[in-house]
Amino acid sequence: MAGGGGGGAAPAPKADELVPHPVKDQLPNVSYCITSPPPWPEAILLGFQHYLVMLGTTVIIPTALVPQMGGGNDEKARVIQTLLFVAGINTLLQSFFGTRLPAVIGGSYTFVAPTISIILAGRYNNIVEPHRKFLHIMRGTQGALIVASTLQIIVGLSGLWRNVTRFLSPLSAVPLVALSGFGLYELGFPAVAKCVEIGLPMIIILIVISQYIPHAIHAEKPVFDRFAVIFSVAIVWLYAYFLTIGGAYKHSPPKTQLHCRTDRSGLVGSAPWIRVPYPFQWGAPTFDAGEAFAMMAAAFVGVVESTGTFIAVSRYASATPLPPSVLSRGIGWQGIGILLDGLFGTASGSTVSVIKCKLQIIQTEGKFGAVFASIPAPIFAALYCLFFAYVGSVGLSFLQFCNLNSFRTKFILGFSIFMGLSVPQYFNEYTSVAGYGPAHTNARWFNDIVNILFSSEPFVAGVVAFFLDNTLQRRNSAVRKDRGYHWWDKFRSFKTDTRSEEFYSLPFNLNKFFPSV
């Protein structure tokens with residue numbers, strides 16, 4: 001054995017000595033990624049499975065908004081079909097010309113608050129006839145969405161967001177991405193508990209099918225884990241149907257029946273067999289400056305939230321980290337998606353959600369979609385408990401690039417996540433008690449902007465982390481390594497890593513006309 005002396009190389013670790021897991025800029029062991037899509041039969045099934053997952057959000061938003069707008073079941077069915085149709089178009093645009101990631105663009109809860117503000121606007125109080133009131137409010141929402149879309153289009157396609165995200169490090173990405181999933185916790189078990197005898201079995205069956213059965217039966221092909229959503233939804237939906245026709249909820253309170261029964265959506269009878277939505281189907285949009293400003297605040301929150309979700313999608317797609325120019329391009333095309341929301345009249349703007357398959361069918365169906373929309377909401381909430389958790393966990397995975405022994409890292413990470421949960425909780429509690437947000441002045445548009453911005457968990461956490469990470473001891477070379485910035489250096493430009501061309505280049509040789517930098 002060599003004696004102790006200076007300059008000698010460190011001894012190699014023993015065979016039984018524990019060593020850290022290596023840092024990986026791509027997620028390993030992914031069956032299908034951007035460059036290796038599944039076969040078409042399997043892709044169709046996977047696409048249908050993800051359609052079921054996104055259907056929950058698509059149904060919940062119009063179900064909550066349309067009755068407040070004055071609409072009935074017929075208007076609700078039409079809005080749901082429109083939202084599905086536009087989601088299909090926006091997803092295809094994002095897949096071909098945006099980030100090129102396998103991400104679904106669908107309805108967003110971020111835009112619910114400004115839509116409710118439009119519903120409560122005094123200028124609609126004098127309209128008595130419900131359908132006429134619905135049309136006027138929808139046209140006001142359309143006008144606000146059209147104006148708000150310009151913010152994302154300009155910020156994204158001008159390259160402005162590219163210049164901002166160049167300063168994003170793995171450390172500041174962790175709170176942003178993690179709370180893009182964990183921040184939606186209120187849509188999980190609280191919604192499951194509204195009909196716990198359906199929601200809780202759904203969680204258990206989903207976990208058993210996706211996590212336990214594949215390891216117990218050792219099948220040659222990953223059937224159960226890959227199609228766990230279809231199996232579990234079919235089982236629990238059938239169980240809920242038998243409870244409904246068996247009279248289990250015959251004497252239950254109306255709220256319980258609404259959440260538990262499979263025949264309370266009111267959509268099957270109202271939906272036409274086939275219907276193709278078209279622009280301005282509700283009439284010409286109307287414009288109000290205050291409502292437009294409030295919707296622009298939601299669009300800005302959508303920029304930040306979608307940045308976190310795009311990063312999560314790139315990770316699960318086993319792609320390299322997004323170059324800032326590609327991320328900015330995706331935000332621009334998401335803005336075009338919000339423009340389409342305004343033109344068609346979906347009552348809500350769009351953001352990106354995680355999905356692991358490129359297929360998204362443009363929805364024009366009537367009765368078909370309405371039948372699946374009769375799935376009780378707690379079943380969808382059970383799905384959220386799993387999939388939102390996956391989004392949050394991929395945010396935590398970026399900690400592998402950071403030095404967790406650094407007190408600077410601990411402070412930024414802990415403080416930003418805590419404030420990201422605590423500040424929106426204050427705003428939400430205040431609103432639920434007082435009926436209005438903490439910002440309550442005579443300028444309704446100002447109130448909406450403040451309340452919308454600070455009610456978003458990923459927005460608050462992401463902004464706090466980004467600010468602290470780029471101002472605290474930034475020029476220190478050791479800090480640069482602590483925050484993991486050096487790991488993402490080669491992805492700051494589109495051309496510095498050859499894999500960027502493989503994952504993110506535009507089709508049809510469009511890179512010649514729209515180069516990425």
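The values are calculated or read from the model by the stated rules, or taken from the named source; none is laboratory data. The structure displayed is predicted, hence computed values, not measured ones. Cβ atoms come from the backbone with ideal geometry, glycine included; neighbour counts cover every protein chain shown. Quick note on the areas: whole protein, heavy atoms, side chains included, nothing else; ligands and nucleic acids left out. Shrake-Rupley method; radii C 1.70, N 1.55, O 1.52, S 1.80 Å.
Take the residues of the range 77-101 that are polar (S, T, N, Q) and more than 17 Å from the chain's Cα centre (by Cα): which is modelled with the highest pLDDT?
It comes out as Thr82.
Among the listed residues Ile116, Ile44, identify the single one that is open to solvent by 30 Å² or more (accessible area, probe 1.4 Å), more than 21 Å from Gly349 (Cβ to Cβ) and not polar (S, T, N, Q). Walk me through it before giving the result.
Values: Ile116 fails: more than 21 Å from Gly349 (Cβ to Cβ).
Checking each option against the conditions leaves just Ile44.
How many of the residues making up the range 449-489 are without any contact (Cβ under 8 Å) to a residue 12 or more places away in the chain, charged (D, E, K, R) and more than 29 Å from Arg499 (Cβ to Cβ)?
Our first condition is that a residue be without any contact (Cβ under 8 Å) to a residue 12 or more places away in the chain; within the range 449-489, this holds for 467, 471, 474-478, 480, 486, 489.
Now restrict to residues that are charged (D, E, K, R): 474-475, 480, 489.
Checking which are more than 29 Å from Arg499 (Cβ to Cβ) leaves us with 475.
The qualifying residues number 1.
Just to verify a result, which residue in the range 405-462, among those that are farther than 19 Å from Ile118 by Cα and of a type in the set (Lys, Arg), is least open to solvent (accessible area, probe 1.4 Å)?
Across the range 405-462, the extreme among qualifying residues is Arg408.
Which of (1) at pLDDT below 85; (2) open to solvent by less than 10 Å² (accessible area, probe 1.4 Å); (3) among the β-branched types (Val, Ile, Thr) is the odd one out, the single condition Val59 does not satisfy?
(2)
Within the range 152-190, count every residue that is hydroxyl-bearing (Ser, Thr, Tyr) and not in a loop (DSSP other than H, G, I, E, B).
Residues meeting the conditions: 4.
Residues checked against (1) within 19 Å of Phe111 (Cα to Cα); (2) open to solvent by 20 Å² or more (accessible area, probe 1.4 Å); (3) part of a helix (DSSP H, G or I):
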position	(1), (2), (3)
Ala284	no, yes, no
Glu291	yes, no, yes
Val301	yes, no, yes
Phe310	yes, no, yes
Val313	no, no, yes
Thr320	no, no, no
Leu327	no, no, yes
Ile336	yes, yes, yes
Ala347	yes, no, no
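Working only within the range 489-504, note down all residues that are loosely packed, with under 15 Cβ neighbours inside 10 Å and not in a helix (DSSP H, G or I).
Thr498
Residues Val104, Val128: which one is open to solvent by 30 Å² or more (accessible area, probe 1.4 Å), at pLDDT below 95 and not in a helix (DSSP H, G or I)?
Values: Val104 fails: open to solvent by 30 Å² or more (accessible area, probe 1.4 Å).
One residue alone meets the criteria, Val128.
Looking at the range 104-141, which of its residues are touching a residue at least 60 places away in the same chain (Cβ under 8 Å), farther than 30 Å from Val313 by Cα and among the hydrophobic types (A, V, I, L, M, F, W, C)?
Correct list: Ile118, Ala121, Phe134, Leu135, Ile137, Met138.
May I ask you to verify whether Ala144 is under 18 Å from Pro378 (Cα atoms) and open to solvent by less than 10 Å² (accessible area, probe 1.4 Å)?
It is false that Ala144 is under 18 Å from Pro378 (Cα atoms) and open to solvent by less than 10 Å² (accessible area, probe 1.4 Å).
Note down all Cβ pairs under 6 Å where the first residue falls in the range 161-173 and is of a type in the set (Ser, Thr, Tyr), the second is in a helix (DSSP H, G or I) and open to solvent by less than 10 Å² (accessible area, probe 1.4 Å), and they're at least six residues apart or on different chains.
Between residues of the range 161-173 that are of a type in the set (Ser, Thr, Tyr) and residues that are in a helix (DSSP H, G or I) and open to solvent by less than 10 Å² (accessible area, probe 1.4 Å), the close pairs are Thr165/Pro324; Thr165/Leu327; Ser169/Asp469; Ser172/Ala465; Ser172/Asp469.
Could you tell me which of the residues Gln68, Gln81 is under 27 Å from Tyr384 (Cα atoms), open to solvent by 20 Å² or more (accessible area, probe 1.4 Å) and assigned to a helix (DSSP H, G or I)?
The unique qualifying residue is Gln68.
What tally of residues in the range 13-69 results from selecting those that are within 22 Å of Pro507 (Cβ to Cβ) and free of Cβ contacts under 8 Å to residues at least 40 places away in the same chain?
Residues that pass the stated criteria total 3.
What's the number of the condition Val517 fails, among (1) within 28 Å of the chain's Cα centre (by Cα); (2) modelled with pLDDT of 90 or more?
So the condition that Val517 fails would be (2).
Please enumerate the residues belonging to the range 385-422 that are part of a helix (DSSP H, G or I) and more than 30 Å from Ala193 (Cβ to Cβ).
Correct list: Phe398, Leu399, Gln400, Phe401, Phe407, Arg408, Thr409, Lys410, Phe411, Ile412, Leu413, Phe415.
Would you point out the residue of the range 202-215, among those that are open to solvent by less than 40 Å² (accessible area, probe 1.4 Å) and at pLDDT 95 or above, that is nearest to Ile375 (Cα to Cα)?
Out of the qualifying residues, it is Met202.
Under 8 Å between Cβ atoms, at least 6 apart or on separate chains: pull out the pairs that start in the range 218-240 with a residue that is closer than 12 Å to Met202 by Cβ and end on any residue that is assigned to a loop (DSSP other than H, G, I, E, B) and open to solvent by 50 Å² or more (accessible area, probe 1.4 Å).
Hits for this filter: Phe231/Phe224.
Go through the range 142-166 and give me each residue that's in contact with a Pro (Cβ under 9 Å, 6 or more places away or on another chain) and either farther than 17 Å from Trp488 by Cα or of a type outside the set (S, T, N, Q) (or both).
Correct list: Gln142, Gly143, Ala144, Leu145, Ile146, Ala148, Gly159, Trp161, Arg162, Val164, Arg166.
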